[in-house]
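Right, one structure below, let's go through it.
The values are calculated or read from the model by the stated rules, or taken from the named source; none is laboratory data. Bear in mind that the values here come from a model prediction, so they are computed numbers and not experimental data. Neighbour counts run over all protein chains shown; Cβ positions are idealised from the backbone, glycine included. Keep in mind that these areas ignore ligands, DNA and RNA; they rest on the heavy atoms of the full protein, side chains included. Shrake-Rupley method; radii C 1.70, N 1.55, O 1.52, S 1.80 Å.
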Amino acid sequence: MSLRRAGLRRFGRDAIRFALAPVGSVVSVRTSAPELVLTYDDGPVAGMTDRLLELLASRSATATFFVLLSRVRRDPALTRALLEDGHEVALHGIDHVDAATIAPDVFRRRMHDGRRELEDTIGREVRWYRPPYGHLTFAGWRSVRDAGLTPVIWSTSVRDGAAALTDDQRIAAARAGARRGAILLAHDNFASALDGVDDGPEPQVDRLRLASEILDISAARGLRVRSLGEALEAGRVVNRGVFVRPRGR
Ligand SMILES: [Zn+2]
């Protein structure tokens, strides 16, 4: 097939996706399978993501990693290692700047460029986009869909971005939200000046312990830990229309 025809076919597929898309972001999965979706944001980063990969492999778990291109560029090999281990790679942004603060035309271009760059790096199609902080305007949502991506937020969080909490409190948060079809938010990195943001001092988090506890809690409830793409083999997405106002432009 010529490149042009491949491009047209892809355009057609994306146009159909857009037309059929419910307004909003994916928040959970409706599924008959005993599965929980684990997601990691803000990486990958050597020294943490690779250790999480070992842990997940030892427990036969998979996850969806929402990566920042500001990190992918520093370690494309680690990004590809995610796929080699059976995980899913999705886009969290070119950097970690709040989408609600970016002019619509600039955001639109960032979505297209971000998807293309990530797909070029990993050699695979990218399906999902998670906006930093979960902030998406309605215009931003249209740009995400127009770039052929589906926005995903979460139904529960281990709150590992909150500096005021202890790991025991984070584990309690995971325990409260770990149920069939949940999309659980965790982080393999804390976004910083390297990612275009200053979100204060980095929280003290034992990420490996948190991951291990999430796996234990899930196992105790008979839940397999899966990437979003895998969980959708036996389920379908649940959407919620949550939009923020544009600000600070
Ligand atoms: Zn993030």
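Can you name every one of the helices (runs of 4 or more DSSP H) wholly within segment 106-224 that holds 1 or more residues which are farther than 27 Å from Ile94 by Cα?
167-177, 207-220
Starting from residues that are open to solvent by 70 Å² or more (accessible area, probe 1.4 Å), of a type outside the set (A, V, I, L, M, F, W, C) and farther than 21 Å from Ser25 by Cβ, keep the ones in segment 168-198 and report whichever is nearest to the ligand (Cβ to nearest atom).
Here the residue is Asp198.
Tell me whether segment 79-94 contains one or more residues that are away from the ligand (no atom under 16 Å from the Cβ) and within 21 Å of Ile217 (Cβ to Cβ).
Yes, because at least one residue in segment 79-94 is away from the ligand (no atom under 16 Å from the Cβ) and within 21 Å of Ile217 (Cβ to Cβ).
Just for segment 116-167: of the residues that are surrounded by fewer than 20 Cβ atoms within 10 Å (Cβ to Cβ), in contact (Cβ under 8 Å) with a residue 60 or more places away in the chain and out of contact with any strand residue (DSSP E or B) (no Cβ under 9 Å at 6 or more places or on another chain), which one is farthest from Ala231 (Cα to Cα)?
Checked segment 116-167; the qualifying residue farthest from Ala231 (Cα to Cα) is Ala139.
Which residues, taken from segment 87-115, are exposed (fewer than 15 other Cβ atoms within 10 Å of the Cβ) and among the small types (Gly, Ala, Ser)?
Ala103 - this is the single residue of segment 87-115 that is exposed (fewer than 15 other Cβ atoms within 10 Å of the Cβ) and among the small types (Gly, Ala, Ser).
Applying the selection to segment 35-76, what residues are small (Gly, Ala, Ser), more than 19 Å from Arg116 (Cβ to Cβ) and in a helix (DSSP H, G or I)?
The first filter runs over segment 35-76 and keeps only residues small (Gly, Ala, Ser), leaving 43, 46-47, 57-58, 60-61, 63, 70.
Narrowing further to those that are more than 19 Å from Arg116 (Cβ to Cβ): 43, 46-47, 57-58, 60-61, 63.
Listed by number, the residues that qualify are Ala57, Ser58.
If I ask for residues that are in contact with a Phe, Trp or Tyr (Cβ under 8 Å, 6 or more places away or on another chain) and acidic (Asp, Glu), which ones from segment 195-226 would you list?
Asp199, Glu202
Quick one: in segment 37-53, of everything that is among the hydrophobic types (A, V, I, L, M, F, W, C) and either without any contact (Cβ under 8 Å) to a residue 40 or more places away in the chain or open to solvent by 10 Å² or more (accessible area, probe 1.4 Å) (or both), which residue is nearest to the ligand (Cβ to nearest atom)?
Let us first name the residues in segment 37-53 that are among the hydrophobic types (A, V, I, L, M, F, W, C), namely 37-38, 45-46, 48, 52-53.
Of the ones still in play, those that are also either without any contact (Cβ under 8 Å) to a residue 40 or more places away in the chain or open to solvent by 10 Å² or more (accessible area, probe 1.4 Å) (or both) are 45-46, 48, 53.
Numbers: Val45: 12, Ala46: 18, Met48: 14, Leu53: 19 Å.
Step by step, filter segment 37-53, then rank; the result is Val45.
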